[in-house]
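Encoded as C-alpha cells, the structure appears first; notes follow it.
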Amino acid sequence: MYRLIMALTFLISGPALAATAKPAPVKVEHLDARSPASLIALLGTMNAKAEITRQDADQIFLVISTSGGKFGAQMVNCDASGATCQGLALFSTFDLKGPNLAEINDFNRSQLACRGILTPEGKPSVMYSTLLNGRMTREDMQTHIGVWQGCLASFGEFTRDPIAFLSKPHI
C-alpha cells in the first residue's frame, strides 16, 4: 500500500515532492535478549521494574513489578557467568481458587501461547515461555512481553468465570 501511495505521489506531484515524501529509515535497536541485564533494562523502558531474586547453576529468577501487579520470570540454560541464557518463562499465580483441573485443561486447549496449571495448593497459575537468541531485537522482546500481557488478561478473565470464558470462541 505504501509503495502505491508513493508511486501516485510521484505521478501527481513530480520527482521533487516524491523525493521529500520518503520516510526516514526505521532504526532497529539491538539488545542481547539472552542477557538478564538487557531484559531488566528493557522492562525499565516499559514502566516496569525487574530485579534478580535468585541465581542457580544455570537459572536466574526475577520478580517484575508493574502498575498492574507483580509476576515472575525465569531465565534458563544460562552460562556459568549468568550473562547468556537460552530461554525465558514468565509466570504468575492468582490468589483465588477457581477453575478445576478439567477447566484448566480446556483453557490450555483454547490458547496458543499461554499455559495454565494448578499449583499444589490448588491456585491457578499461568505461564508463557520463549527461546532466546542473540539476533532478537528490542521489538521482538516487546512483542513477547505483549503476548505475555495478553496471557495475563485472558487467564484473569478465565479465572473469574471459567464457564463463561470457555463458552466463547478462542484461537
Margin query: Pull out all pairs, ordered by first then second residue, where Cβ-Cβ is under 6 Å, the residues are six or more apart or on different chains, the first lies in segment 47-71 and is assigned by TED's automatic domain parsing to the domain that holds A83, and the second is aromatic (F, W, Y).
Written below: T53/F61; R54/F61; I64/F71
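Do you know which residues across segment 111-134 are closer than 20 Å to P169 by Cα and surrounded by 17 or more Cβ atoms within 10 Å (Cβ to Cβ)?
Those that are closer than 20 Å to P169 by Cα and surrounded by 17 or more Cβ atoms within 10 Å (Cβ to Cβ): Q111, C114, R115, G116, V126.
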Item checked: Single match in N77, N105 (criterion: under 26 Å from A50 (Cβ atoms), without any contact (Cβ under 8 Å) to a residue 24 or more places away in the chain and not hydrophobic (A, V, I, L, M, F, W, C)) -> N77
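Within segment 110-133, is there a residue that is assigned by TED's automatic domain parsing to the domain that holds V63 and in a helix (DSSP H, G or I)?
Step one: of segment 110-133, the residues assigned by TED's automatic domain parsing to the domain that holds V63 are 110-133.
Subsequent filtering for residues that are in a helix (DSSP H, G or I) retains 110.
The answer is yes; a qualifying residue exists.
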Next item on the list: Please work out which one of (1) in a loop (DSSP other than H, G, I, E, B); (2) at pLDDT 90 or above is the condition K27 fails and give its number.
Entry: (2)
Check: If we scan segment 79-99, do we find a residue that is among the aromatic types (F, W, Y) and surrounded by 19 or more Cβ atoms within 10 Å (Cβ to Cβ)?
Finding: yes
Checklist line | Options A33, A50; residue that is modelled with pLDDT of 90 or more, of a type outside the set (D, E, K, R), in a loop (DSSP other than H, G, I, E, B) and closer than 21 Å to M141 by Cα | finding: A33
Next item on the list: Looking only at segment 52-73, decide whether some residue is within 30 Å of F165 (Cβ to Cβ) and basic (K, R).
Entry: yes
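The values are calculated or read from the model by the stated rules, or taken from the named source; none is laboratory data. Nothing here was measured: the structure is a model prediction, and the numbers come from that model. Positions of Cβ are backbone-derived with ideal geometry, glycine not excepted, and every protein chain shown enters the neighbour counts.
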